[in-house]
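Before any comments, here is the structure.
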Amino acid sequence: MRVLRTSNLLLLATNVIAIPQKIQGKNVESREEQAGATITVDTSKTYQTIDGFGFSEAFQRANTIVNLPTDKQKEALDLLFSTTTGAGMTILRIGIGSSPDSSSDHMNTIEPKNPGSPSATPNYVWDEKDSGQLFVAKQAVTYGVKTFYADAWSAPGFMKTNGNDANGGSLCGVSGATCKSGDWRQAYADYLVKYVQLYLAAGVKITHLGFLNEPELTTTYASMESSGAQAADFIKVLYPTLQKANLEDVGIACCDAEGWGDQKSMTGSLSSVNSMVNLITSHAYTSQPSSPIGTTHHVWQTEWADLQGAWTAAWYGSGGAGEGMTWANHIHDGITTANCSGYLYWVGAQGGNTNSKLMKIENGVVTPSKRLWAFGQYSRAVRPGAIRVDASAGGMKTTAFKNLDGSVAVLVINSGSSTTVSISFKGFVGTAVKAWVTDNTHDLDSTPADISGGVVTGSVPARGMVSFVVTGA
Ligand SMILES: *[C@@H]1O[C@H](CO)[C@@H](O)[C@H](O)[C@H]1NC(C)=O
């Protein structure tokens with residue numbers, strides 16, 4: 001629309017004859033505007049609690065931020081975490097290293113040497129870098145981030161059936177994984193607790209702890225196989241170990257399966273340790289979050305991305321896998337159809353030419369994609385602890401949330417032509433409204449919205465998303 005208007009002005013200056021036609025064209029377009037949409041939000045009808053939105057900087061991706069000059073570091077961190085100029089992300093997923101070295105993108109372990117036996121005293125080595133992740137985590141704290149999910153891809157190799165942190169293998173001591181060297185479950189639990197303590201001492205409180213990543217996958221990088229039953233065998237040891245270390249408020253997360261279907265069946269096998277589990281986590285690569293996992297625990301989609309697509313910063317072109325609006329829709333679907341309380345992209349910042357990250361950092365230049373703004377439309381408006389409430393759709397993908405500060409956020413994704421909206425509330429009286437828009441020409445920009453008699457009016461552009469945040473008296 002804006003581009004069209006500009007070209008009209010240009011035509012006005014250069015070609016008088018063309019004016020009536022062009023003006024007529026514009027009128028035709030404005031007649032295409034949808035009749036106003038009516039949305040009703042009922043705050044008395046509640047669904048899941050939201051923990052937040054985020055990403056990881058594992059696999060040394062954090063170093064793309066660490067290696068920047070200070071002013072550029074701030075630019076990158078603001079884009080990720082600032083609630084006024086960035087996406088306002090609220091969850092950081094941290095990769096717990098298992099590799100004996102730091103070559104390529106390996107995440108080095110805090111226990112590089114085999115102590116000799118499961119009961120021998122471990123020799124932990126803390127480099128205070130953790131593949132760049134400690135820096136990013138400490139910075140996140142300064143932006144107010146309070147949710148840190150530390151997740152191990154594997155135990156160190158000497159604790160596993162294959163003697164290697166890569167190439168699959170299982171943790172020695174879980175059912176079906178007997179090793180000559182003994183049962184390493186307690187040693188792995190101690191190791192994970194030590195990691196949490198190291199972060200705590202550095203000022204970062206790990207809130208959620210995972211010990212598996214894609215446990216159905218055997219691959220050349222850090223990977224450890226596990227069935228649901230084997231995960232339960234380890235949780236039985238990890239839970240009391242956290243208790244003993246006075247870390248009972250660190251929630252155990254499981255199991256970061258490759259896809260929703262796998263995680264559903266693994267979750268079923270966790271029933272014997274259900275009370276020890278705090279969070280169910282799944283990726284969305286092999287099957288997407290299209291129905292609830294079937295648990296009373298919070299559920300997060302902890303890793304997904306367009307890994308292969310050539311880098312695009314676009315919002316909407318053809319509905320491609322890397323486009324921002326595609327991700328706005330994914331998040332909506334995860335929250336509404338799969339009961340997600342958290343939603344994470346794979347990587348926040350990284351170099352290279354794929355869409356595996358939200359933001360590209362290359363040659364010192366920081367370039368956000370619209371995927372980042374899609375996450376920002378949610379994360380800035382829907383803050384940790386918000387409760388999802390009922391919202392009629394108004395012909396669009398609409399969600400609503402009651403924040404802990406009393407404000408109500410109403411998020412609208414418009415896949416049709418531009419429309420006005422009228423939002424009324426049951427069980428809530430709003431007195432002021434702010435709104436942000438993202439579309440092809442806006443990046444979480446402020447957009448006008450009014451409130452009168454508790455009814456919000458505004459507009460949502462064609463192929464655009466608007467987040468309205470309404471505060472009460
Ligand atoms: C949705 O998640 C909440 C926890 O956040 C849980 O209590 C509820 O049972 C879940 N609903 C479904 C349908 O899975």
task: Among the residues of the stretch 267-306, write down those that are more than 15 Å from the chain's Cα centre (by Cα) and away from the ligand (no atom under 16 Å from the Cβ).
output: SER269, SER272, VAL273, MET276, THR286, SER287
- prompt: Hey, does the stretch 259-278 have a residue that's closer than 22 Å to PHE53 by Cα and assigned to a strand (DSSP E or B)?
  reply: no
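Looking only at the stretch 445-462, count how many residues are in a loop (DSSP other than H, G, I, E, B), surrounded by 16 or more Cβ atoms within 10 Å (Cβ to Cβ) and touching a strand residue (DSSP E or B) at 6+ places or on another chain (Cβ under 6 Å). Don't jump to the end; show me each part of the working.
Going through the stretch 445-462, the residues in a loop (DSSP other than H, G, I, E, B) turn out to be 447-448, 453-454, 461-462.
In the following step, the residues that additionally are surrounded by 16 or more Cβ atoms within 10 Å (Cβ to Cβ) were identified as 447, 461-462.
When the remaining residues are screened for being touching a strand residue (DSSP E or B) at 6+ places or on another chain (Cβ under 6 Å), the result is 447, 461.
Total meeting the criteria: 2.
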- prompt: Across the stretch 255-265, what is the total count of residues that are of a type in the set (A, V, I, L, M, F, W, C) and away from the ligand (no atom under 16 Å from the Cβ)?
  reply: 2
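Check the stretch 222-239 and report whether any residue there is within 16 Å of the ligand (Cβ to nearest atom), hydroxyl-bearing (Ser, Thr, Tyr) and assigned by TED's automatic domain parsing to the domain that holds ASN339.
At the first step, the residues of the stretch 222-239 found to be within 16 Å of the ligand (Cβ to nearest atom) are none.
Checking the stretch 222-239: not a single residue is within 16 Å of the ligand (Cβ to nearest atom), hydroxyl-bearing (Ser, Thr, Tyr) and assigned by TED's automatic domain parsing to the domain that holds ASN339.
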message: Taking the condition of being assigned to a loop (DSSP other than H, G, I, E, B) and surrounded by fewer than 24 Cβ atoms within 10 Å (Cβ to Cβ), how many residues in the stretch 44-68 meet it?
response: 4
query: Being within 22 Å of the chain's Cα centre (by Cα), among the hydrophobic types (A, V, I, L, M, F, W, C) and assigned to a loop (DSSP other than H, G, I, E, B), is that true of even one residue in the stretch 216-227?
result: yes
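For the stretch 137-167, how many residues meet the condition of being β-branched (Val, Ile, Thr) and either under 23 Å from LYS180 (Cβ atoms) or assigned to a strand (DSSP E or B) (or both)?
Step one: of the stretch 137-167, the residues β-branched (Val, Ile, Thr) are 141-142, 145, 147, 161.
Cutting the leftovers down to either under 23 Å from LYS180 (Cβ atoms) or assigned to a strand (DSSP E or B) (or both) gives us 147, 161.
Number of matching residues: 2.
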message: List the residue pairs whose Cβ atoms are under 9 Å apart, where the first residue sits in the stretch 46-59 and is under 30 Å from GLY351 (Cβ atoms), the second is near the ligand (Cβ under 9 Å from one of its atoms) and at pLDDT 95 or above, and the two are 6 or more positions apart or on different chains.
response: ASP51/HIS298; ASP51/SER341; GLY52/SER341
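Here's a check for you: in the stretch 41-61, which residue that is aromatic (Phe, Trp, Tyr) and more than 8 Å from ARG388 (Cα to Cα) is nearest to the ligand (Cβ to nearest atom)?
Our first condition is that a residue be aromatic (Phe, Trp, Tyr); within the stretch 41-61, this holds for 47, 53, 55, 59.
Then keep just the ones that are more than 8 Å from ARG388 (Cα to Cα); that gives 53, 55, 59.
Details: PHE53: 15, PHE55: 21, PHE59: 29 Å.
Per the criteria, the residue is PHE53.
Go through the stretch 287-333 and count every residue that is more than 15 Å from ASN440 (Cβ to Cβ) and either of a type outside the set (Ser, Thr, Tyr) or in contact (Cβ under 8 Å) with a residue 12 or more places away in the chain (or both). Let's see the steps before the verdict.
Step one: list which residues in the stretch 287-333 are more than 15 Å from ASN440 (Cβ to Cβ), which gives 287-311, 321, 329-333.
With the extra rule that they be either of a type outside the set (Ser, Thr, Tyr) or in contact (Cβ under 8 Å) with a residue 12 or more places away in the chain (or both), the set shrinks to 287-295, 297-311, 321, 329-333.
Final tally of qualifying residues: 30.
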query: Only one residue in GLY342, GLY319 is away from the ligand (no atom under 15 Å from the Cβ) and either buried (at least 19 other Cβ atoms within 10 Å of the Cβ) or assigned by TED's automatic domain parsing to the domain that holds ALA232 (or both). Which one?
result: GLY319
query: Can you tell me which of ALA76, ALA18 is in contact with a helix residue (DSSP H, G or I) (Cβ under 9 Å, 6 or more places away or on another chain), modelled with pLDDT under 95 and part of a helix (DSSP H, G or I)?
result: ALA18
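For the stretch 173-197, how many residues meet the condition of being closer than 15 Å to PRO118 by Cα and within 30 Å of the chain's Cα centre (by Cα)? Steps first, please.
Going residue by residue through the stretch 173-197, those that are closer than 15 Å to PRO118 by Cα are 173-174, 177-192.
Now drop any that are not within 30 Å of the chain's Cα centre (by Cα), which leaves 185, 188-192.
Count: 6.
The values are calculated or read from the model by the stated rules, or taken from the named source; none is laboratory data. Treat the numbers as computed from the prediction; the structure is a model and nothing was measured. Heads up, the Cβs are rebuilt from the backbone with ideal geometry, glycines too, and the neighbour counts pull from every protein chain shown.
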